Each structure stands twice: as C-alpha cells, then as structure tokens.
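The values are calculated or read from the model by the stated rules, or taken from the named source; none is laboratory data. Computed from a prediction, not measured in an experiment: that's the story for all the values here. Note: ideal-geometry Cβ built from the backbone for every residue, glycine included; neighbour counts use all protein chains shown. The accessibility values were calculated without ligands, DNA or RNA, using every heavy atom of the protein model including side chains. Shrake-Rupley method; radii C 1.70, N 1.55, O 1.52, S 1.80 Å.
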Amino acid sequence: MREDKNSQPSQKGQWQKKPWFWPAIYAGGAIMLAVMLFGYNALVTKVEEAPLPDLAQVEPNPVVETNARTEKMKYPFKEENLDKVQISQEFYEVKADAKVREKALMVFNQTFTTSTGVSLAMNGEEFEVVAALSGKVLEVKLDEFTGNKIILEHPNGQQTHYSSVKDILVKQGDQVTQGQSIATATENEWNQAAGVHMHFEVLENEVYVNPKTFLAF
C-alpha cells in the first residue's frame with residue numbers, strides 16, 4: 001500500500017515548531033552583528049590620526065629679538081645734552097687729515113697711543129652714560145688707573161664699549177635696553193688730559209670702527 005506523501009508532516013515545519021528554534025536564530029543574528037561591529041571598529045582604529053603631541057613636552061621656538069636687531073644706534077648720553085658735548089679725542093684714521101689724526105693721539109709718559117673710539121666731554125662735568133643699543137652686558141672691567149669699562153654686545157653683531165666711568169649700574173649678564181642708564185662719566189689717571197670724559201668705542205666683527213659712522217657729533 002502506497003503511503004500518501006502529503007500525509008507526512010513537513011520537516012521544515014517541525015524544526016520551526018521546536019521551542020529553541022527562533023531564539024537560536026535571533027542569537028545567531030546578534031552574534032553576526034557583533035562580529036561585524038567589532039571588525040568595523042578595528043578598521044577605523046587603524047586609520048585614526050596619530051595622537052597630538054604633548055604641548056608641555058614641545059620645546060618652544062626661540063624668541064628673536066626683532067626690535068633690538070633693527071635698532072639704530074643712539075648717543076651714549078641723554079640726547080638733550082647733545083649741544084653740550086665736545087669731542088676731546090677723535091677716532092684715529094690713517095686717511096684723516098693731520099689735524100684730526102693729531103687729536104686722535106693719546107699721550108701717557110711721553111708715549112703716544114692711537115684712539116680706537118671718541119672721548120666725549122661735557123664742559124668738564126660728570127654726565128649720565130646710557131646704552132647706545134639694546135643688548136647684553138658682556139663684561140665689566142674695573143680699573144681705576146685706565147678707567148672702568150662696560151662692554152655690551154648687541155643682537156646685530158656689534159659691541160659698544162664705555163670707558164672712564166663710575167657708579168656702574170649693571171653687571172655681567174644683564175640685559176639692557178637702548179637709552180638705559182648704565183654709569184656716570186668720570187676721569188682717570190691714564191688719560192688725565194681728557195679730564196672728565198667717557199671714551200666710546202664701537203666694534204663690528206671685532207674690528208674698531210669710527211662711532212661717527214653711525215652718529216653725527
């Protein structure tokens with residue numbers, strides 16, 4: 001006797017009727033979704049930008065003293081005293097005329113020395129000495145015989161020297177600004193003929209140059 005095929009229950013229907021069938025389907029879908037999300041996050045993590053550097057550990061760029069580098073040299077004394085200033089000794093230049101060269105000779109114990117700067121006087125009176133340019137105090141030389149000296153170095157590569165001074169207001173390593181008071185002009189034993197004065201020198205690349213190149217005395 002032939003069995004009727006339609007009389008047997010559907011195998012597919014039997015699985016769907018199992019109490020664990022649909023929960024298993026849902027659980028499988030959830031697992032697949034979780035795997036897909038995990039893979040996506042891993043992919044995104046790989047292409048993320050590198051973390052920003054710790055600003056506290058980043059060295060700042062050096063500060064450039066722009067203003068100091070572009071300064072123009074000013075008088076090593078208060079400008080309102082310009083009319084009172086006399087040049088008691090000139091800068092010695094071989095090409096200068098005989099009168100100027102003679103005025104650029106300094107004498108001590110019958111020994112002549114050529115002047116590497118200009119000696120500035122103010123009617124025999126003491127006067128305030130100021131920084132001609134902003135810069136750093138490279139050295140302070142104390143010598144009552146030849147006269148105390150202050151040496152400043154500047155961002156433009158120049159140096160300015162201020163000799164025959166007293167009541168010095170700066171020390172080695174100090175930063176000074178243009179026009180800042182640094183000392184007082186006085187006299188010294190080595191150059192008594194100049195009386196109370198301040199000997200002002202300018203160097204470029206360690207070579208003495210005539211201060212009149214920069215200043216109109």
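Every condition in (1) surrounded by fewer than 18 Cβ atoms within 10 Å (Cβ to Cβ); (2) closer than 18 Å to Gln89 by Cα; (3) of a type in the set (Val, Ile, Thr) holds for Thr184 except the one numbered (2). Of Asn81, Asn148, Asn61, all but one fail to be at negative phi, under 30 Å from the mean Cα position of the chain (by Cα) and modelled with pLDDT of 85 or more; the exception is Asn148. With respect to the conditions (1) among the small types (Gly, Ala, Ser); (2) within 21 Å of the chain's Cα centre (by Cα); (3) under 21 Å from Val85 (Cα atoms); (4) crowded, with 20+ Cβ neighbours inside 10 Å, Gly135 falls short on a single one, namely (3). Among the candidates Ala50, Ala68, the residue that is modelled with pLDDT under 75 and either surrounded by 13 or more Cβ atoms within 10 Å (Cβ to Cβ) or in a strand (DSSP E or B) (or both) is uniquely Ala68.
Taking region 97-132 as the range and being hydrophobic (A, V, I, L, M, F, W, C) and closer than 18 Å to Asn81 by Cα as the test, the residues that pass are Val118, Leu120, Ala121, Met122, Phe127, Val129, Val130, Ala131, Ala132. Selection of region 171-217 for residues being part of a loop (DSSP other than H, G, I, E, B) and under 24 Å from the mean Cα position of the chain (by Cα) yields Lys171, Gln172, Gly173, Asp174, Thr177, Gln178, Gly179, Gln180, Asn205, Glu206, Phe214.
All conditions but one from (1) open to solvent by 60 Å² or more (accessible area, probe 1.4 Å); (2) part of a strand (DSSP E or B) apply to Glu144; the one that does not is (2). Of the strands (runs of 3 or more DSSP E) entirely within region 76-141, those holding at least 3 residues that are not small (Gly, Ala, Ser) occupy 86-89, 105-108, 111-114, 128-130, 135-141. Scan region 158-174 and give yes if some residue there is open to solvent by 80 Å² or more (accessible area, probe 1.4 Å), aliphatic (A, V, I, L, M) and farther than 18 Å from Ser119 by Cβ, otherwise no. Yes: one or more hits. Going residue by residue through region 89-98, is there one that turns out to be open to solvent by less than 70 Å² (accessible area, probe 1.4 Å), in contact with a Pro (Cβ under 8 Å, 6 or more places away or on another chain) and modelled with pLDDT of 90 or more? Yes, the conditions are met somewhere in region 89-98. With respect to Lys149, determine if the residue is assigned to a strand (DSSP E or B) and among the charged types (D, E, K, R). Spelling it out, Lys149 is indeed assigned to a strand (DSSP E or B) and among the charged types (D, E, K, R).
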